[in-house]
Amino acid sequence: MHIAPPLQPMDWVGPAIGAVMFVLAMSLVKEPTRRMFNAIFVAGAGGVYLSGGFGPWELLYPAIATPVAYLGLKSHRFIGLAWLMHAGWDVVHHLWGNPIWPFMATSSFGCMIFDTLIAIWFLAGAPTVLPVASRKAALQPVQGQHS
């Protein structure tokens, strides 16, 4: 069993800043590429804890999360659900397992903050949050129309 280290303010703030940067960057990616990329990304995140301290039990999470991530190919909300599931696995690793980054004892906690915040964005439908990206999309003609 792993003893969870005390948390510092940057253990909260750093991942929150990272989540904001992720949402801003993903807002620049057009749909459906944004949705499909993130479904694959969250599926890959399911394997980051393999060999993470729980032996064969580590195989349980990817087995459950992979079908949810697959459903994310068609729905941002399933991507959000998959990130929330990953955040839950982060909590388990922070409290009882090994941290995601062995050189940073609070990394699983930070991952939980990051994952939860981006999950909220995906559950909201992953809207574009940059005015420039929104304006650019609004100015493009609808497919089939001629200017």
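Here are a few things to note about the model shown:
- Exposure proxy ranking for Thr66, Thr106, Thr116, based on other Cβ atoms within 10 angstrom of each Cβ and starting from the fewest, stands as Thr66, Thr116, Thr106.
- Where N is the number of residues in the chain, Cα Rg divided by 2.2 N^0.38 Å: 1.18
- Karplus-derived HN-Hα couplings along segment 66-81 (A = 6.51, B = -1.76, C = 1.60, θ = phi - 60°), whole Hz, x at Gly and Pro: 4, x, 5, 4, 4, 5, x, 4, 10, 8, 4, 5, 5, 5, x, 4
- Across the chain, Cα pairs under 8 Å and at least six residues apart give a relative contact order of 33 percent.
- Arranged from fewest to most other beta-carbon atoms within 10 Å of their beta carbon, Ser51, Ser27, Ser75, Ser108 become Ser51, Ser75, Ser27, Ser108.
- Taking 0.36 nm per residue of sequence separation and removing the Cα-Cα distance, the Glu31/Trp57 pair yields an extension gain of 5.8 nm.
Laboratory data are not the source of any read-out in this text; all were calculated from the coordinates shown. Just so it is clear, the model here is predicted, and its values are computed rather than measured. Every residue, glycine among them, receives a Cβ derived from its backbone with ideal geometry; neighbour counts consider all protein chains shown.
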